[in-house]
1. Any of K536/K749; K114/K147; K244/K466; K275/K441; K244/K525 with alpha carbons more than 32 Å apart? Name them for me.
2. Mind ranking 147-153, 68-74, 407-413, 280-286 by how tightly packed they are, going by the mean number of other C-beta atoms within 10 angstrom, highest first?
3. Given R₀ = 56 Å, what would the calculated FRET efficiency be for H69 paired with S729, taking r from the Cβ atoms and rounding to 0.05?
4. Between helix 425-434 and the chain, what is the angle of the helix's C-alpha long axis to the longest principal axis, kept within 0 to 90° and rounded to the nearest 10?
5. Which peptide among 107-119, 382-394 comes first, and what is the full order, when sorted by highest mean count of other Cβ atoms within 10 Å?
6. How much net charge surrounds A506 when only other residues with a Cβ under 9 Å from its Cβ are counted (Lys, Arg +1; Asp, Glu -1)?
7. Given a cut-off of under 8 Å on Cα pairs at least six residues apart, what relative contact order in percent is computed for the chain?
8. Can you tell me the FRET efficiency between Q586 and Q750 if r is taken as the Cβ-Cβ distance and R0 is 25 Å, rounded to the nearest 0.05?
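Here, each number is a calculation from the coordinates, and none is a lab measurement. Model, not experiment: these values are computed from the prediction. Here Cβ is always computed from backbone atoms with ideal geometry, including for glycine, and neighbour counts include all displayed protein chains.
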Amino acid sequence: MVNKQNMQINLEPRNISASTNLPHELEFMGDALQHQVDVFEQSRDANIILDLAPTGTGKTKAGFTVLLHQPTSSAIYIAPTNALVQQQTEAALKFVKEAGLPHVVKSASAKDIKGWSNDKVGKRSGEKLYNVLRNPSTIFPEVGANKPILLVTNPDIFYYATFFTYNRLDKDNIASSFYTQFATVIIDEFHLYDAKKLVGLLFYIAYFHVFGFFKNQRRVVLLTATPEPACEAALESLGKQGVKIVRVDGENQNSSNLLPSQTAVNLELRPIPEKKDDFLLSIASQVVELIEEKPNHNGAVILDSKDQINRLADILKNRGLDGKFGRITGSTPQLERQSAAQKQIILATSTVDVGFNFEKTPAPTRQNLDWLIFSARERASFWQRLGRVGRVLGKVETDIPSLAIAYLPDEAWKQGLENLDTTGGRNALKTTLESLRCLDKPFLRVYWCSEAFLEIARPLLELEVKLEGLNGSDYIPLLFNTMRETLGGKRTWDNYRWRMKILQGAENLSNTSVKNIKKDWKYVKGGQALLKAFIKVHYPEDWENIETKRTTLAEYEAVLFEDEEVAEDLFEFAEIWRASYSPLFQFRDSLFDNLNIYDPHGLLLDELDETILDPIHLLRYYEFRQKDELIQVTARAAEIYEISFRLRYHGVVQDFINTQLNKLTAFRDCHIIRRLNGAVSPTPLLTELEKNLLPGVIVCPRTNASIVFQLYKLGVISYPIQVECDDFSREYIILPSLSGILTLAMRFKQLQLPDNECFVACL
């Protein structure tokens, strides 16, 4: 048993190199940091420029310098949050003006696009976006005709555009624009990207490489202070395949012109307590102690959950600190963020990890944050949050040490954190943390080796259809193989192509009717592939006859559709197949479609507005009522509600175990139950939320107790589900959506797909 204990390590100050010789193209910048100059110079020849300069040292401006190489070509800047989209749009406008560039700068969140004029092309968001990319003056006549655009958008829009899923009518035009139009692509804070988002990014880069766009001076700029090792390995793989990648960090210790960027940090590492109350009480005690010891110092607490921040605020109020702290969460408007930043103590969620500098008015002569308490379950979050404390770039006083207390998963001690050389400073800490698998970004390896390839099969199949009979059609298997080498997969393009065709058939057939299936199924894209899968799963003996050519598919079809029930079974098979895989093709991992929420009391938002929220979060943490088509939040729940499910299975328990357990599928007749202290709490919203088919995996809680426990520690929610069979009922655990499924696979649980194949391709 590892003896977990707090660990102390002193981290040396950090410096950043200032430029002493600006190229004439950058003279308008005045003073510049060396990494900004290096990004500009290296991007003359490189395909991908990776700027690794510390947080708060101007990586955004460094990325914008690349625009100067092709000053009349369009570009795109991808920021991780909508708040940062607006912030970086302002930064882009300023840079374009100072540099004398002709670009039209437009922010393009979903809300922005919806607000663009309908006068020229109508109300459809996709049509608006396509026309702005084609010619900004179509929507904004005041900017003048045929100017290049600098589009500032978020990963959501980027994903839906590049994966041909924006909408049915506009997806082709928008995808074509995103793949061909931008000479410069700047991706900010990409360490925040999860496994799915990174797949989308890497696919986009691989596309540029395979289709020869890098030869036409296309450039991709990646901005992060904390790259994920797995992502670095993927980029290294692309480098071996011919993509020219350069790294810039700006911390050349041999430079004669170093500027202090971060103070020395006295860092304490602590295990996250298992009980949430103990965790928050420990933090509150530490905050009180710091205020008492140094009443003039400023600090912050950064935690992952808004609920944790709110509960911590209640504890601090009870301990006499009311009025000394401000709160910043994802929904806090900009003006209120600035107001909160003036408080001595700032309580914040991960929203401050990027794009927020804790600026004070008047600005102190020393660092804005003297101390920081934070939790981190991932390596990138750890370094990002640690980089918030003790920033002194441009400050007068740079030698006042700062303090940080970091809470890490207790698994870190079991995996070797206790072996940290506490005298080795930042390098020793970096080396040790990179060795801890528990700090890896969740699901990277398991997802990249398995279902990531089904996800990228969708845009590949779309491209294959569009390139059929044209030059470039042979690039499709080459692009797949490039991704396979980059991510580490082992199955072939033919395998995933076939599976994607089945899914395509399921999506198309489930949108028709049982009546039309009998006459139209063969004309539906993917219909034949779906029928083959259906026969293989439900009629294995008939499938064997087809495979051995004792009969043909055409002969079988004639018999198949004489029976009305078979057509109904095929329709149901298509519905289940589509619903089972729906989490894979959702940008955000959520059990349900998000809801429109009205929040008049500012419980979720800090201003009167509508927002989008995961319904499960609403059901667990808030009181609400139905108001017309909106859900109106009325109060924060005094206690957290318990969520469970009930499934009616038409068959005996043993049939359920044999056919449904440990299988990715979609369950019919599944109902949500909301409880408080064991008592059912009825709400009309539950009926609205209940889907015809609920995707997920059901497992036995007894045989998977360790997995369920690990799920809890990873922050992945599983739910009890009562399965009512014809003979008797049993309680199981349902793991809905993609994160639960991947967690099972990570624990080497053998899962089946709808066609009874193994879920995980390789590990």
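1. Violating the 32 Å Cα-Cα cut-off are K244/K525.
2. 147-153, 407-413, 280-286, 68-74
3. 0.25
4. With rounding to tens, the tilt is 0 degrees.
5. Sorting 107-119, 382-394 by mean packing, highest first, produces 382-394, 107-119.
6. -1
7. Reported relative contact order: 11 percent.
8. Plugging the Cβ-Cβ distance into 1/(1 + (r/R0)^6) gives 0.50.
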